[in-house]
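The values are calculated or read from the model by the stated rules, or taken from the named source; none is laboratory data. All values reported here derive from a predicted model rather than from experimental measurement. Cβ placement follows ideal geometry from the backbone for every residue including glycine, while neighbour counts extend to all protein chains displayed. Side chains are part of the model used for accessible areas, which takes the heavy atoms of the whole protein and leaves out ligands, DNA and RNA. Shrake-Rupley method; radii C 1.70, N 1.55, O 1.52, S 1.80 Å.
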Amino acid sequence: MLIIIGNQKGGAGKSTTTLSLANYLTSAKKCPVTVIDMDYQQSVYQKYEKAKILENKEPYEVLSATLESFPVLKEVLIKNNRDVVLVDLPGKLDDDGLLAVFTAADLFICPFAYDEFTFESTVLFTLVLRKVNPKIKMVFIPNRIKANAKFEIMEEVNAQLSKFGHITEILPDRVDFQRINTFQTPISLYPVIIPVFEKIYADHLYGKHEIAG
């Protein structure tokens, strides 16, 4: 299972979503995970290296990779097909190297916000991905949503995105998310992430990593 996490809109929460999902799968579901950090900022890989320096237990491996190295890396990962592979994508769409990643992916997870600019970027990203990989499953996570905020375009956004895939429960804008690293997610966040990740696990992962093993 190859899961790509992306949105061409910066600040959508790709890396945080990647980390929190990786932590959830390994801690709550005992699911073997490998994370590939392809984002230009390499924030997931940097957290992983920092955790190693602090001698924290590593529940999964994080690999730093480029789009150019993906085709070879994919062949290596296929041989170890027990792992769920999470790919933190770069934000740019105008790189031909993304085509190989898009084609190989089984599931696309897209964190997004309810504003017009993010919505347009999200739809564009989704249209390109669906054209390259018509069979890919898609999940959209409303992310960093402020409490008591009113979103006039929420219904329109949900109506459009639901044509492509499932829209999860909202993830609120909470400072706790800044404390997620590669070995733990703050326990205070579990009440809000469980409904989101349980749905993803049940729909797309349940039984599959056990069978692969």
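The residues of segment 57-213 have, on average, 55 Å² of accessible surface per residue, using a 1.4 Å probe with all protein chains present.
In this structure D203 has an accessible area near 80 Å², from a 1.4 Å probe over the protein heavy atoms. Please report how far the C-alpha centroid of segment 48-75 lies from that of segment 186-203, rounded to the nearest whole angstrom. With segment 48-75 and segment 186-203 each reduced to a Cα centre, they are spaced 24 Å. Which percent of the accessible area of segment 45-165 is formed by carbon and sulfur heavy atoms (probe 1.4 angstrom)? That fraction is 53 percent. Placing dummy labels 7 Å off each Cα toward the beta-carbon, the span from Q178 to R82 is 3.8 nm.
Solvent-accessible surface (1.4 Å probe) assigned to R130 amounts to roughly 70 Å². Say the cut-off is 20 Å between C-alpha atoms; which of K29/K79; K9/K92; K30/K57; K29/K199 go over it? Too far apart for the 20 Å limit: K29/K79. Taking a point 7 Å out from the Cα of M154 in the direction of its Cβ, the residues of segment 160-174 whose backbone N falls within less than 19 Å of it are 160-163, 166-174. Taking a span of 18 Å or more along the helix axis (Cα atoms) and a mean Kyte-Doolittle hydropathy of at least 0.0 as the rule, the DSSP H helices of the chain that qualify are 14-28, 116-132.
Per residue, how much accessible area does segment 1-46 have with a 1.4 Å probe, in Å²?
Normalised by residue count, the accessible surface of segment 1-46 is 30 Å².
Accessible-area rank, largest first, for F183, F108: F183, F108, with all protein chains present and a 1.4 angstrom probe.
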